[in-house]
Structure formats: C-alpha cells, structure tokens
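Chemist: Before we start, here is the structure in question, set down as structure tokens.
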Amino acid sequence: MPNRSSLPPTDATVGEVQQWLTDGHCSARQLIDGYLDYLQRVGRELNAVVEIFVDEAHLAADESDQRRSSGQSLGPLDGIPFTAKMNITTQLGSSDASSPMLRGFKAKEDATAVGRLRAAGAVLVGKTSCDEFAMGASNETSCHGVVSNPWNRDRVPGGSSGGSAALAGSHGWSFHLGSDTGGSIRQPAAFCNATAIKPTWGRVSRRGLIAFGSSLDQICPIARDAVDCQTVLQVMEGYDPLDSTSLKLTPSPLVPATLEPIRRVALITDGLGAGIDASIATAVRAAAQKMANQGIEIIERSLPHLEAANACYQVISTAEASSNLARYDGVHVGVRAESDQLQELYETSRHAGFGSEVRRRILLGTFVLSAGYRDAYYTRALAVRDLIRQGIDQVLEDCDALLLPVSPFAPFRIGERIDDPLALYACDILTVTANLAGVPALALPCDFDEDQLPIGMQLMGAHGSDHRLLEFGQRWQRWNDLHRALPEGSAR
Ligand code: GLN
C-alpha cells in the first residue's frame, strides 16, 4: 500500500504532482492542505498572497478525490492548486487590481481563463498581490504592500505579477495566473527563477482581466517549468465568444511533437550591449553557447528600433490606460467619495482611489491623446509600433525565434527605484517589443549571478508559435536543471 500521507517533494512540478496523485501517494485533499499551509506561512511572509480560500479549496479538493476514485479524473490539472493575480476576476474573494479604487470589489463571474481551469479540476487557492492596476515592475505600488523576492527578501520580486512570481519561484506543485502588458509576467519570472509565457495577443481570452492597455494585455501562466506552462495554456487558450478580440485558433496546435521544432535562434545583440548589466549579457551569451552545443544554430542579429520600443510602449500603454481607467469615477465604477457636487465627486473619488503611479499614467495618456499633441505622440507611436513588428518579422524570415535577456539588470533592492519612475520604466526595455508586436514570448531561467540572484532569458517567436516556443523551452530544461533550483529555506 502506498503511503497516502506522503506529500511530493517541494520542487515537484505540476506534471510530477499529477503522477503522484495518480500513483496514490497522497490525496488531492492532502496536497491542497500542504499547499495551503505553505501559503499561510511563506506566502504570507513574502506578502505575496492577499487572500486564501481554505474552505472552498477543501471542497474542490474533495470533489477531485471523488472523481479520481471513480475513475473520472478530469486530466492533468485535476486537484492541482493555483492562484490568480488580483487583476483577474474570480467568483471567490475579491478582485481589486491591488488598488484602493476597487477595494472590496467582488466579481460576479470568473474570468474565462479561470473558469476553464476550474472546469478542468484545478483548485483556486488564493489571490496574489500585484502592482496597482498592473502598472509597475517591482510590486511596490500594490495597496497590499511590498512583496519580497524569495531569493533575497530585501529585493523586489519584479512586477507587476510579483506575488504570482514569488510563489512560483519558491515552491512547486502549483501554477499561477498573472498578466503581461509590457513584461509583467516575464520580468518577475526572471527575478524569481520561474518559467512563464506571454501568449500571442488574442490566444487567451481577456474577459475578466481588469484592463490596462487592451491592445497589449494578456493573461499568462507562470510555473516551475515549460511543461507546466504548456499544460495550463492548453486548457485556457482558445476562442471566447465573450471576448471579441480572442483568436480562432483552428486547428489548435495542441500536440507539440507535430510542430516544426526550433532550430535557428537569433541572438539579439542590441539586447546585450549598453544599458544591460555585464553579468546578464554574459549569462545569455553562455546560454546561447549551450544551445549551440546541443545543435541549435545561433545567429547574431540586430533588432532595428529596439531602442525606440520603450518610448513607443509608454505612449501607447498610457493612452490606452487613460481610456480604460476613465470608467472609475465613483459613479459608474469604483469607490465613491463624499460630495453633493458631481464634478467634485468625480475628482475626489479619482484622487482618493488611484495611487500616484496610476495617476501619472492617466495624465501622460490623456496628454498624448489630446488635440494638438496626438499626432506628435500617439499617431507617431503607432507608426513606430508597425516598424517594430516589421523588424521582428524580418528576423523571423530566416530564424525561428529571437533570444534576448528579460531584464537589463538583477532584482534590485526594495525602495531603490520607487521614487524614480524613469529608473523603473527602464526595467521594460527588453520585454515591451513582444507586446507591441503581439507575438508570444517565453521567459526561462538562464543562470544565477554571483549574489545567487536569478537571471532570466526570453525567446520570442512568430504569431501563434506559442507551443513551438514551449517545446523549445522543454528541450532547454532537459539540458540543464536551473529551473529546479529553489531558494534556501523553502524546502520542507
Ligand atoms: N513594467 C511595465 C509597466 O509598468 C509592464 C507592466 C505590465 O506588463 N503590466 O508598464
């Protein structure tokens, strides 16, 4: 008889945990209890988790155990714990986008992605902190407080999906849903040694994702490895009649073995030069060499307009944010301030509800869209966006993917950049291109620096090549076991 009370090793992936459950080493209820215990101790200590759903998770785990014992398991995610970022709506708990503006907001329905995962048996165990309205790169603008990086608690976990990454980087068994508008799943993944993919824009329904920049936003999985990210993506991707921008993927390339594997990778040299820490550039070059040793052809290429991408992103993302956030006026949506004057009610509600970074973005966005400045900023940024797309397409004419670092520098100290918005925006220089072009980008652990802080790299591919990238990520993770490393102290 297998010992039903033995829990899987802390670093076990979702795939391995599923096998563990199938082999009867423990029940879903025991697994979920073990994970809830970790959330209550480490998740709270890191301040990564805002809400934990103990009773509901127990119920869902018991249902999963019943299905398993009657031979009706729902597949690879049945009984697996997951969390959702605070800007993704869930029926359970609240969905406040880490903003005072939405304090206590309870959504009526699950986001489509969350609903699909729960229907596949995955167990929603909690909600994670993020930067306010997903605007940030350090998780320091959350109304729920600063989140710590599990590898060094004085450092930021990255942002805006900092809570999700802190959990994914410190424990296995689970996966987490974050979002990425300009790097918010990849940069925290890189900072916390996790694996994450920003899917092709439109691949995953945005219904239930609290909007920041609608032409850039995607819901994304973050987990221990590329296998788990693929499993999650397969469940949540696909057309959603309730999101008019979701893609009809027919046929969906679900079986990676049938995909043409990635053989030629373009190492983007502009991503390794000025403004990029030497330790990061060296690590990514070394990773390219490791790929070459495995038979991958590495070609050094330049990505034209890379240096213009961040400015372009700042204009487009703030323009869209100013429009998306116009609804929070205390009357239609959001907290309402006291006043019997309508104009004053709008103004005081917005002032009280939004933090300073969100206000800064709304002001910037309103400015770039205003009559007299629109052509000089917004319309021009749209033209640059086209050039960026074309630049990526050009590289992909004779290469299968682009390789570049995720972040130009290592996880920085809490408080180090928060008073310097430009220093924070510099975090995004290498990630925003994928969002502007709408292409998928996979973040993978690449190395550790001399302070034992994680370094991440990313692969961008053509529209719709998400599973091709994930298949490559799986190969990379068979060539080394960097992704299995957990910070000291997280072992049971
Ligand atoms: N760091 C970027 C920003 O602050 C990206 C945010 C995101 O992807 N949500 O805009």
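The values are calculated or read from the model by the stated rules, or taken from the named source; none is laboratory data. Predicted model only: the values in this text are computed from it and were never measured. When we count neighbours, we look across all protein chains shown, and the Cβ atoms used for this are built from the backbone with ideal geometry, even at glycine. Ligands, DNA and RNA are excluded from the accessible area calculation, which covers all protein heavy atoms including side chains. Shrake-Rupley method; radii C 1.70, N 1.55, O 1.52, S 1.80 Å.
Chemist: Just name the residue that is nearest to the ligand (Cβ to nearest atom) out of those in segment 134-183 that are in contact with a Lys or Arg (Cβ under 9 Å, 6 or more places away or on another chain) and assigned to a helix (DSSP H, G or I).
Modeler: Selected residue: Ala134.
Chemist: Same structure again: Please pick out the residue among Gly93, Gly34, Gly24 that is touching a Lys or Arg at 6+ places or on another chain (Cβ under 9 Å), in a loop (DSSP other than H, G, I, E, B) and buried (at least 16 other Cβ atoms within 10 Å of the Cβ).
Modeler: Gly93
Chemist: Got a number for residues in segment 122-133 being away from the ligand (no atom under 16 Å from the Cβ) and buried (at least 24 other Cβ atoms within 10 Å of the Cβ)?
Modeler: Residues in segment 122-133 being away from the ligand (no atom under 16 Å from the Cβ) and buried (at least 24 other Cβ atoms within 10 Å of the Cβ): 5 in total.
Chemist: While we're on this one: Kindly provide the set of residues from segment 184-203 that are of a type outside the set (A, V, I, L, M) and outside any loop (DSSP other than H, G, I, E, B), ordered by number.
Modeler: Let us first name the residues in segment 184-203 that are of a type outside the set (A, V, I, L, M), namely 184, 186-188, 191-193, 195, 198-203.
Passing the criteria: Arg186, Gln187, Pro188, Phe191, Cys192, Thr195, Lys198.
Residues are listed down the side, and each one gets a yes or a no for (1) within 22 Å of Pro411 (Cβ to Cβ); (2) touching a strand residue (DSSP E or B) at 6+ places or on another chain (Cβ under 9 Å):
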| position | (1), (2) |
| --- | --- |
| Leu267 | no, yes |
| Leu272 | yes, yes |
| Gly275 | yes, no |
| Ala278 | yes, no |
| Gln294 | no, no |
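Chemist: Given the structure, is Arg385 crowded, with 20+ Cβ neighbours inside 10 Å, within 16 Å of the ligand (Cβ to nearest atom) and over 17 Å from the mean Cα position of the chain (by Cα)?
Modeler: It is true that Arg385 is crowded, with 20+ Cβ neighbours inside 10 Å, within 16 Å of the ligand (Cβ to nearest atom) and over 17 Å from the mean Cα position of the chain (by Cα).
Chemist: Looking only at segment 451-473, filter to residues that are open to solvent by 10 Å² or more (accessible area, probe 1.4 Å) and either within 14 Å of the ligand (Cβ to nearest atom) or touching a Gly at 6+ places or on another chain (Cβ under 7 Å) (or both); which one of those is nearest to Ser184 (Cα to Cα)?
Modeler: Per the criteria, the residue is His463.
Chemist: Here's another thing I want to ask about it. Can you name the residue in segment 204-226 that is within 12 Å of the ligand (Cβ to nearest atom), part of a loop (DSSP other than H, G, I, E, B) and of a type outside the set (Gly, Ala, Ser) and, of all such residues, is nearest to the chain's Cα centre (by Cα)?
Modeler: Among those that are within 12 Å of the ligand (Cβ to nearest atom), part of a loop (DSSP other than H, G, I, E, B) and of a type outside the set (Gly, Ala, Ser), it is Asp217.
Chemist: Can you find even one residue in segment 186-196 that is within 11 Å of the ligand (Cβ to nearest atom), within 16 Å of Met460 (Cβ to Cβ) and crowded, with 24+ Cβ neighbours inside 10 Å? Explain how you work it out, then say what you get.
Modeler: From segment 186-196, those within 11 Å of the ligand (Cβ to nearest atom) are 186-188; that's our starting set.
In the following step, the residues that additionally are within 16 Å of Met460 (Cβ to Cβ) were identified as 186-187.
Next, only the ones that are crowded, with 24+ Cβ neighbours inside 10 Å stay: 186-187.
Scanning segment 186-196 turns up at least one residue that is within 11 Å of the ligand (Cβ to nearest atom), within 16 Å of Met460 (Cβ to Cβ) and crowded, with 24+ Cβ neighbours inside 10 Å.
Chemist: Only one residue in Leu404, Leu436 is in contact with a Lys or Arg (Cβ under 9 Å, 6 or more places away or on another chain), buried (at least 23 other Cβ atoms within 10 Å of the Cβ) and either in a helix (DSSP H, G or I) or in contact (Cβ under 8 Å) with a residue 12 or more places away in the chain (or both). Which one?
Modeler: Leu436
Chemist: May I pose another question? Can you find a residue in segment 413-429 that is open to solvent by less than 10 Å² (accessible area, probe 1.4 Å), in contact with a helix residue (DSSP H, G or I) (Cβ under 8 Å, 6 or more places away or on another chain) and part of a loop (DSSP other than H, G, I, E, B)? Before you say what the answer is, go through the steps one by one.
Modeler: Filtering segment 413-429 for residues open to solvent by less than 10 Å² (accessible area, probe 1.4 Å) gives 427.
From the residues that got through so far, the ones that are in contact with a helix residue (DSSP H, G or I) (Cβ under 8 Å, 6 or more places away or on another chain) too are 427.
Narrowing further to those that are part of a loop (DSSP other than H, G, I, E, B): none.
Checking segment 413-429: not a single residue is open to solvent by less than 10 Å² (accessible area, probe 1.4 Å), in contact with a helix residue (DSSP H, G or I) (Cβ under 8 Å, 6 or more places away or on another chain) and part of a loop (DSSP other than H, G, I, E, B).
Chemist: Within segment 37-54, work out how many residues are open to solvent by 10 Å² or more (accessible area, probe 1.4 Å) and within 18 Å of Arg153 (Cα to Cα).
Modeler: 7
Chemist: A further question on this structure: Would you check if Ile316 is open to solvent by less than 10 Å² (accessible area, probe 1.4 Å), touching a residue at least 12 places away in the same chain (Cβ under 8 Å), touching a Pro at 6+ places or on another chain (Cβ under 8 Å) and not polar (S, T, N, Q)?
Modeler: no
Chemist: A follow-up question, please. Given (1) open to solvent by 20 Å² or more (accessible area, probe 1.4 Å); (2) within 16 Å of the ligand (Cβ to nearest atom), identify the lone condition not met by Val335.
Modeler: Here Val335 meets the rest and fails (2).
Chemist: What's the number of the condition Gln477 fails, among (1) within 26 Å of Gly172 (Cβ to Cβ); (2) crowded, with 24+ Cβ neighbours inside 10 Å; (3) touching a helix residue (DSSP H, G or I) at 6+ places or on another chain (Cβ under 7 Å); (4) of a type outside the set (Lys, Arg)?
Modeler: Among (1) within 26 Å of Gly172 (Cβ to Cβ); (2) crowded, with 24+ Cβ neighbours inside 10 Å; (3) touching a helix residue (DSSP H, G or I) at 6+ places or on another chain (Cβ under 7 Å); (4) of a type outside the set (Lys, Arg), Gln477 violates only (2).
Chemist: Another question, then. Determine whether Gly15 is open to solvent by 30 Å² or more (accessible area, probe 1.4 Å) and either of a type outside the set (Val, Ile, Thr) or over 26 Å from Ser160 (Cα atoms) (or both).
Modeler: yes
Chemist: If I go through segment 439-450 residue by residue, how many of them are away from the ligand (no atom under 14 Å from the Cβ) and either open to solvent by less than 10 Å² (accessible area, probe 1.4 Å) or in contact with a Leu (Cβ under 9 Å, 6 or more places away or on another chain) (or both)?
Modeler: Selection size over segment 439-450: 8.
Chemist: Which residue pairs have Cβ atoms under 6 Å apart, sit 6 or more places apart or on different chains, and have a first residue in segment 126-144 that is under 21 Å from Glu56 (Cβ atoms) and in contact (Cβ under 8 Å) with a residue 60 or more places away in the chain and a second that is open to solvent by less than 10 Å² (accessible area, probe 1.4 Å) and among the hydroxyl-bearing types (Ser, Thr, Tyr)?
Modeler: Once the first residue is under 21 Å from Glu56 (Cβ atoms) and in contact (Cβ under 8 Å) with a residue 60 or more places away in the chain and sits in segment 126-144, its partners that are open to solvent by less than 10 Å² (accessible area, probe 1.4 Å) and among the hydroxyl-bearing types (Ser, Thr, Tyr) give Gly126/Thr83; Thr128/Thr83; Thr128/Ser164; Ser129/Ser98; His144/Ser98; His144/Ser129.
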